[in-house]
Each structure stands twice: as C-alpha cells, then as structure tokens.
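Okay, structure first, notes after.
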Amino acid sequence: MSNSDPIRWKQRLQQFTKAEKRLSDALTNGYAVLSRLEQEGVIQRFEYTFELAWKVLKDLLFYEGFDVKSPREVIRQAFESEYLSEDDTETALDALEKRNLLTHTYEEATMLEALDLIENHFQPMLSRLHKTLEKKATES
C-alpha cells in the first residue's frame, strides 16, 4: 500500500473509535464505583486504546509522507503536525513512560495511581485526539 492511500489510517481510526468509546463508557461514573476486576479491566482497556491511538497517528503520518517508527517519534511528529496540543503531547509522552506502571496493578496503591492518571489525564487526551482525527477523516 502506498502512502497516498488513506484506507489504512481510516481503518485503524475505526478501531480506535470503538476502543476510545469503550474506555470512555467504562469511566462514565468514575473508577471508584467499579469492582477491582472492573478497575483492572479499565487499565487493560486503556493500554490497548493508547496502543491504537499512536498506531492510527503513525498510519496517518505515513499517509502524509512522514516515516516515523517509534511511539515517541509518532507523538512528537503528531505535535508538529498539530494533531496534538503541547499539553496533550506531554500527556501522551507521560502515558508512554507510565506503561510500565500499569503492569504492576496487583499493588493497590499503584493500581489506584494508574486509574487516577487514566481517568483524569490520559482518557481526556485520547478523547480530544479522537475528535481531531474524526475531523481530519471527514475532511479528506
């Protein structure tokens, strides 16, 4: 597939759309009302939603002619291409660094810290990114 073909990034956007909606729905009433198992599910849901977020950006950037490989490169180029604000870029980079934290959800304090970050920082950033990408998809 050449990078003049928008199909790949738009297909990935459809997957990201579903994942972002599910994450948003899971946090509708806040993580505090969820059972431990549901809280662990929110963390897992965030992990794959974030993975789809940077991959849809990677596909879009490839379509636009950028050859970025790593998640960090993708996030930085997304900022340069104005798909992420400065604050959301910092949040995305923080989420990237905190992925290791999320693997230690068996520790209560670590799990609660991760859930707080997801609910108050990471999910809102993903929601804003989703809106930006949906707008881009309707323009092209």
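Computed values, structure above
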| read-out | value |
| --- | --- |
| Selected residue [closer than 17 Å to K131 by Cβ and either more than 16 Å from the chain's Cα centre (by Cα) or in contact (Cβ under 8 Å) with a residue 12 or more places away in the chain (or both)] from T110, T49, T103 | T49 |
| Test: residue in segment 86-95 that is of a type in the set (D, E) and under 14 Å from I118 (Cβ atoms) | yes |
| Selected residue (only one of L13, L27, L60, L34 is under 18 Å from N120 (Cβ atoms) and touching a residue at least 60 places away in the same chain (Cβ under 8 Å)) | L27 |
| Subset of segment 83-140 (residues that are of a type in the set (S, T, N, Q) and in contact with a helix residue (DSSP H, G or I) (Cβ under 7 Å, 6 or more places away or on another chain)) | T89, T91, T105, T110, Q123, S127 |
| Unmet requirement for V68, which otherwise passes all of (1) crowded, with 21+ Cβ neighbours inside 10 Å; (2) touching a Phe, Trp or Tyr at 6+ places or on another chain (Cβ under 8 Å); (3) outside any helix (DSSP H, G or I) | (1) |
| Those residues of segment 96-125 which are buried (at least 16 other Cβ atoms within 10 Å of the Cβ), farther than 13 Å from V42 by Cβ and either among the hydroxyl-bearing types (S, T, Y) or at pLDDT 95 or above (or both), in sequence order | H121, M125 |
| Residues that are aliphatic (A, V, I, L, M) and either in a loop (DSSP other than H, G, I, E, B) or within 23 Å of L57 (Cα to Cα) (or both), drawn from segment 1-35 | M1, I7, L13, A19, L23, L27, L34 |
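A quick yes/no check of all residues on (1) modelled with pLDDT of 95 or more; (2) part of a helix (DSSP H, G or I); (3) surrounded by 14 or more Cβ atoms within 10 Å (Cβ to Cβ); (4) in contact with a strand residue (DSSP E or B) (Cβ under 6 Å, 6 or more places away or on another chain):
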position	(1), (2), (3), (4)
L37	no, yes, no, no
E40	no, yes, yes, no
F50	yes, yes, yes, no
R72	yes, yes, yes, no
Y83	yes, no, yes, no
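The values are calculated or read from the model by the stated rules, or taken from the named source; none is laboratory data. These numbers were taken from a predicted model, which means no experiment stands behind them. Heads up, the Cβs are rebuilt from the backbone with ideal geometry, glycines too, and the neighbour counts pull from every protein chain shown.
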